Amino acid sequence: MSGFWATVWVILKYSALIGGSFALIALMILLFHPIYLSLKGRASIMGQRGEVKLSYLFGLLRLRYIATVHTQDVWLEIGWFKKLLQRESVVSDKVRAKKDADSEIKEEVALKEEGVKEEKAEVAIEEKSDEEIEKAEPEQVSQESVEQKSVEAVETQKAESAKTLEESVIEENKTEEKAELSAKTENIEETEEVVEEASEITDEELAENINEEDMPKVEATPEQLAQLQSILEEEEKKEQEKKAQKSGLKAKLRKFKKDFNRRYEQLQGKFRLAKQKWNSLWPVVKRFWNRGKKGFRFHDAYLKVEYSLDEHYLTGMLCGYLAPTIGFVKSYGLDFEPVAMFPEKPGYGVYSKAAWYLDIKPYRLVWAVAGLLFEKNVYKEIYWLYKYKKEKKKNKK
């Protein structure tokens, strides 16, 4: 029995050692093996193509995104195995416009066909109704015609009698209007004569005839006094309202000034707090950035451009202008290669290739994050945030 447990112990021990070693190797690979990201592009007047490739584990695991004028694909590659994860077709504006125009034409044709069918159905219904009317009995038609003639004769007699009555009434109205006009003209002439006689009397004669003693004395009635008093009261009310408005504006201005000062003080306090936190956390952020930026390495940036213009001499001039930029751009890590093309028939043409590579080192990023665990200011600010939230909850309660 002791031998059995000894063998079990040996198996567990060696399996733990083997499993631990494999886990350690995997962890070392995850930490120290970089992640490669490559960006490639190709562009011309006819079209464009872009590719983004993410590779890992010595290039065995790859994720590729390819975008062209017509499609957008996402591929997963494991060794020699490839699988298409997603494909989207990109429809150009011209093709989309053609499809929309074709659909509109089809809809119009369908609507016209429906209208023609409806018209044909209406015509068929009208023809059927006409045939039914023709098939009706002739006796009924003759009786209806006799009745219509008798009704028409009675209506004509009524119309003639009504016309004679209207003419007599119109003649009577005319005679009455003439008499009224003659009477009005006579009254107007009499009034004009009176006005002429009154105009002959001058203002001076009127003033001489009127004496101050003969002028009657006017005394205000209680109703008039009440009206005057009401008018005065309304004016006083208006003045009081104006004063109240002025005092209300002053009160509003005072309130606005107080609110403005209060909010300005609050903003000043917030700015002071933000400045204090910035001064305490900025050194931490700076150290984190200095440690973390080493985890990214950009290299082998490349750009090649083949071009031609409508005249050869213009192409040569452009080549002379671009030549000094090659050395200037190379100081920033970009390998720029402009190539002037001189075809037999001069014309516009552009063809370009670009590539950019990025290496991501996970252990550098892990070290940068681990460095934050030893920063004293981080713990201080976390504790301050905890206390601030606690006080805020108490104030709300």
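Worth pointing out:
- Sorting 346-354, 261-269 by average packing, meaning the other beta carbons within 10 Å per residue, from highest down gives 346-354, 261-269.
- Given LYS286/LYS392; LYS82/LYS353; LYS275/LYS376, the pairs whose alpha carbons are separated by over 24 Å: LYS286/LYS392; LYS82/LYS353
- Shown are TYR357, TYR36, whose ranking by accessible area with a 1.4 Å probe and every protein chain present, most to least, is TYR36, TYR357.
- Overall form of the stretch 248-397 per C-alpha gyration tensor (a/c, 1.5; a/b vs b/c): oblate
- Among 105-113, 330-338, the peptide with the highest mean count of other Cβ atoms within 10 Å heads the list, and the full ranking is 330-338, 105-113.
- With DNA, RNA and ligands ignored, accessible area of TYR65 (1.4 Å probe; Å², nearest 10): 90
- Only one residue of ILE18, PHE32, GLN86 has its Cα farthest out toward the positive end of the dipole of the stretch 1-95, where Lys and Arg carry +1 and Asp and Glu -1 on Cβ, and that residue is GLN86.
- Of the residues ASP359, ASP259, ranked by 1.4 Å probe accessible area with the largest first, the sequence reads ASP259, ASP359.
- Area accessible to solvent at TRP384, 1.4 Å probe radius, in Å²: 90
- With all protein chains modelled, accessible area of HIS312 [1.4 Å, Å²]: 70
The values are calculated or read from the model by the stated rules, or taken from the named source; none is laboratory data. Nothing here was measured: the structure is a model prediction, and the numbers come from that model. Using ideal geometry, Cβ is built from the backbone for each residue, glycine included, and neighbour counts are taken over all protein chains shown. Surface areas here come from the heavy atoms of the whole protein model, side chains and all, with no ligands, DNA or RNA. Shrake-Rupley method; radii C 1.70, N 1.55, O 1.52, S 1.80 Å.
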